[in-house]
Amino acid sequence: MEKELFDYVAERAEVLATNDASTQVTKDAAAAWEAAVAADASDEAVAAATDKLLDVLEGRPTTIDGVIAFAEGPAKQLMGEEVAAAMLAEQLKRKEAGAKYCNCPSCTAASELLAKFGRIEL
């Protein structure tokens, strides 16, 4: 894997491994990628680790419709009416502008990786 692509994956794996918005499954997969490439940085090992990470990430970025549904429902109790309303307004504007996925750091990193490797379209 070229250094530029490796760095791209590494930056996003770090976000996925450490961000509070990441699920534990996502954190574990990103940490496993980091450990695998630290142990063996050969092209084959990096490609295999990257494929495993991408396999875990598929279907994980929350869709924009999922974020909107969250803002319309559970967010009201979890975050309060005012915060949920602001979230909903922001996400509706993003959807209107063509956004397909959540814009939290974890979903952004996951969707960018999946798009980079042709597994989704942004």
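Bear in mind that the values in this text are calculations on the coordinates, not laboratory data. Please read all numbers here as calculations on a predicted model, not as lab measurements. Backbone-built Cβ (ideal geometry, glycine too); neighbour counts: all protein chains shown.
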Across the stretch 40-51, in residue order, what do the Karplus-derived ³J(HN,Hα) couplings come to in whole Hz, using 6.51 cos²θ - 1.76 cosθ + 1.60 with θ = phi - 60° and x for Gly and Pro?
-> 8, 8, 5, 4, 5, 5, 5, 4, 5, 5, 5, 4
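Any chance you could run the full-extension gain for Asp28 through Ala47? It's 0.36 nm times the residue separation minus the Cα-Cα distance, nm to one decimal. Don't skip to the end; give the middle numbers.
On the way: separation 19, 0.36 × 19 = 6.84 nm, distance 1.77 nm.
So the chain would gain 5.1 nm between Asp28 and Ala47.
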Just rank Lys52, Lys76, fewest to most, by other beta-carbon atoms within 10 angstrom.
-> Lys52, Lys76
Do any of Lys3/Lys100; Lys95/Lys116; Lys27/Lys52; Lys27/Lys116 go past 23 Å between their Cα atoms, and which?
-> Lys3/Lys100
GNM, the chain, Cα, under 10 Å: largest mean-square fluctuation among Leu92, Leu78, Leu16?
-> Leu78
Please report Arg12, Arg94, Arg119 as a ranked list, fewest other C-beta atoms within 10 angstrom at the top and most at the bottom.
-> Arg119, Arg94, Arg12
Under 5 Å, built H, 5+ apart or other chain: amide partners of Thr63 | Cys102
